[in-house]
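Data first, discussion second: the structure below is written as structure tokens.
The values are calculated or read from the model by the stated rules, or taken from the named source; none is laboratory data. Note that the structure is a prediction, hence the values are computed from the model and not measured. Neighbour counts run over all protein chains shown; Cβ positions are idealised from the backbone, glycine included. Keep in mind that these areas ignore ligands, DNA and RNA; they rest on the heavy atoms of the full protein, side chains included. Shrake-Rupley method; radii C 1.70, N 1.55, O 1.52, S 1.80 Å.
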Amino acid sequence: MTAAIIHIGCFLSALVAADGGAPSNDRAKTPTRATVEAALAKGGSPADLQRWAATADGLLIEAAVDGAATETVRGRALAALAYARTPRVHGFLENFIVEKTPSSAATDRLLVRRAAVALGWQGGPRVTEVIAPLLESADAEVRLDAAAALGLGRAREAEAPLRARLAVETDAAVKRQIEGALKAVTASR
């Protein structure tokens, strides 16, 4: 998850440089897709990312699903969507995870991980339903980020799938992440 957070944090300074100035909350200054993709390719800060996610969520979605874009750009676009807390983005993240989960392609697994963490940051009523199946992935990195995402979501219903996975998990890093997620999920009781 740390890598995902670092990738999220590498967004806006490049976007600011590409756009020629500080971002504005003014929707009239929405960046172009080329500007967003250039910024995603270069990186930027979390504060900047948060400001841009409010105005460029549609462009971030386009970049995330663009098969011609690099894996880095697509992954950073998905990670950036954590800050775009709209029903449209939330639904997109849920659908993206559900549609890509059966894939065994390495790129799809990475993108699902980024989408899961973004959805975990957003929380919501279906977070556990959408993310918990990722705990059964053959890929330990997917399981690790799924556990992190469930912890971020802090939904009480995440406790059961996390405990079930903890009982059979063999990867030490994933076990530690599940234990941390369980603490987060049960802390609000």
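Points to keep in mind about this one:
- Positions within region 75-85 being in a helix (DSSP H, G or I) and open to solvent by less than 20 Å² (accessible area, probe 1.4 Å), in sequence order: Gly75, Ala77, Leu78, Ala79, Ala80, Leu81, Ala82
- Pair list, Cβ under 8 Å, 6 or more apart: region 93-106 residue farther than 12 Å from Ile61 by Cα and free of Cβ contacts under 8 Å to residues at least 60 places away in the same chain, other residue open to solvent by 60 Å² or more (accessible area, probe 1.4 Å) and in a loop (DSSP other than H, G, I, E, B): Glu94/Arg126
- Ile178 being closer than 21 Å to Leu93 by Cβ and of a type in the set (Val, Ile, Thr): no
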